[in-house]
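In what follows, a single structure is set out as structure tokens and then discussed.
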Amino acid sequence: MKRSRHFDFIIAGAGAAGLSLVWKFLQQEELNGKKVLLADRALKPVRDKTWCFWDDQHHPFGDLIFHSWDSLEVRALGDVFREKLQDYRYHCVKSDDYAKKILTVARKNPNVMLLEADIGDFAFEDGRAVMQTSEGIFTAGHIFQSALRPPGFHKLKLDLSLLQHFTGWHIRTEKPVFDPAMATFMDFDVPQGNGVTFVYVLPFNRHEALVEYTLFSEKLISDEAYEKGLTDYISGRLELSSGQYEIEYIEKGVIPMEDRRYPAQYCPKVWNTGTMGGLTKPSTGYTFTRIQQHSTEIVRALAAGAEPPLQIMSPYRFRVYDMMLLYNLNRHPEASIRIFHELFLRNRFDRILQFLEEKTQIHQDLKIMYSVPWLPFFRALYKMKHRIFTGA
Ligand SMILES: Cc1cc2nc3c(=O)[nH]c(=O)nc-3n(C[C@H](O)[C@H](O)[C@H](O)COP(=O)(O)OP(=O)(O)OC[C@H]3O[C@@H](n4cnc5c(N)ncnc54)[C@H](O)[C@@H]3O)c2cc1C
């Protein structure tokens, strides 16, 4: 028989956003005792994503951090930029560790119910948020959902749309070839041709690293093309022949990079979050930190007896910067690589990370803008003026 139950809160989707939110709920004293339902089609820890982010606190997630780096390397146009970070650390969390820890704590909490079901839709009826699932209908005071695209998604204004797509190999080598203190943030010195292409290397120890072949382009490439990109990089840059490493794990992903403005709500009392809430930064694809910030804001508002924030977009000026960079990534890949080259040549890495995190002051933004080629930005400003001058 189909079930129908009422909760204070429903968290629909137990990926990065849903898990982060349930974790913050459980830590918020004022919300102790509230009945929470966490729903997903599968509630098992799976390693399918390696979430990286930077933070100015050393270990914001304590034992959930799989590895941290204090130095980063960027390569572009034949130059190598390496820097030890002063204010930030670059961290990574594995999706299976994250889910395991949070689901274990959630399962032990008598106020949290876990539900494996296919989520079909959300609605607002008789003052309650409603979730329809394959296991029945569930209602709540508030629903936070990261599972479904908001209604009218395809009608939202969209001028720039790129995909960040990648295949990563977690490799283990015989020889000690990696420096576990230094991650390669972006290596653009690889053949370009299918869009802006770079390799990202996350060494976990002297013998193991995740090597990710990444593109910003409109279309995906074939599995063979990712494989060739990785094999060529591992033999060329890392100087390892195919017999000198083993592939332990493969990670594939596609992250939307677009200027669509996602609505904060699916319908009254149902809030969008995660990728479905438009939390992905359009020009970089980074989402994890924004998910943490959004979850903190939601829980803080609820603890204070208020409604969750309706505004989840970046401040206007950062949306404009995102649009200008996205325009160049989309239409002028060669100019984009020159922009990255000048950016890392002329600015401290910490300042760039702070800028990408949207924490810089306007005078710092201007200094960064001044350090990169202007023409591509003026061109983007001109081409995107209809968006930029109508609220971005
Ligand atoms: C491989 C990969 C690596 C990434 N790495 C980074 C990174 O390093 N740093 C960063 O900042 N961002 C990264 N991202 C981007 C972003 O942080 C992730 O996509 C993140 O997982 C988004 O969280 P989310 O909760 O919105 O979506 P998800 O984590 O995808 O969670 C959505 C959940 O909803 C469930 N669901 C969906 N539809 C239904 C349905 N109909 N019924 C029931 N359940 C449903 C799914 O099972 C899933 O568990 C990465 C993305 C990918 C794909």
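Both the radius of gyration and Dmax for region 161-257 are 13.0, 41 Å, in that order, over alpha-carbon atoms. Just to confirm my numbers, what's the Cα centroid distance between region 285-313 and region 1-58 in Å? Rounded to whole Å, the Cα centres lie 13 Å apart. Packing, taken as the mean count of other beta carbons within 10 Å per residue, orders the peptides 228-235, 42-49 from highest to lowest as 228-235, 42-49. Annotation: peptides 150-159, 102-111, ranked by per-residue average of other Cβ atoms within 10 Å with the highest first, follow the order 102-111, 150-159. Taking every alpha-carbon pair under 8 Å whose residues sit at least 6 apart, the chain reaches a relative contact order of 18 percent.
Dimensions of region 316-388 from C-alpha coordinates, computed as largest minus smallest value along each principal axis and given longest first, are 31, 26, 17 Å.
Got the relative contact order for region 161-257 handy, in percent, Cα pairs under 8 Å and 6 or more residues apart? Present the calculation step by step, with values, prior to reporting the outcome.
On the way: 201 pairs, mean separation 42.3, N = 97.
Worked out over region 161-257, it gives 44 percent.
For TRP374, TRP169, which order do you get if you count the other beta carbons within 10 Å of each Cβ and list the fewest first? Before the final figure, lay out the partial values.
Details: TRP374 10, TRP169 22.
Ranked by crowding around the Cβ, least crowded first: TRP374, TRP169.
Distances between every pair of Cα atoms in the chain, grouped in 10 Å steps from 0 to the bin holding the largest one, split as 5, 21, 31, 25, 14, 3, 0 percent. For the residue pairs LYS84/LYS175; LYS49/LYS84; LYS49/LYS101; LYS49/LYS155; LYS49/LYS100, alpha carbon separations beyond 23 Å are given by LYS84/LYS175; LYS49/LYS84; LYS49/LYS155.
Computed on region 238-392, with alpha-carbon pairs under 8 angstrom and 6+ residues apart, the relative contact order is 18 percent.
Each reported figure results from applying straightforward, stated rules to the coordinates on display, with no laboratory input. Remember, predicted model here, so these are calculated numbers, not experimental data. Note that we place each Cβ from the backbone using ideal geometry, even for glycine, and neighbour counts take in every protein chain shown.
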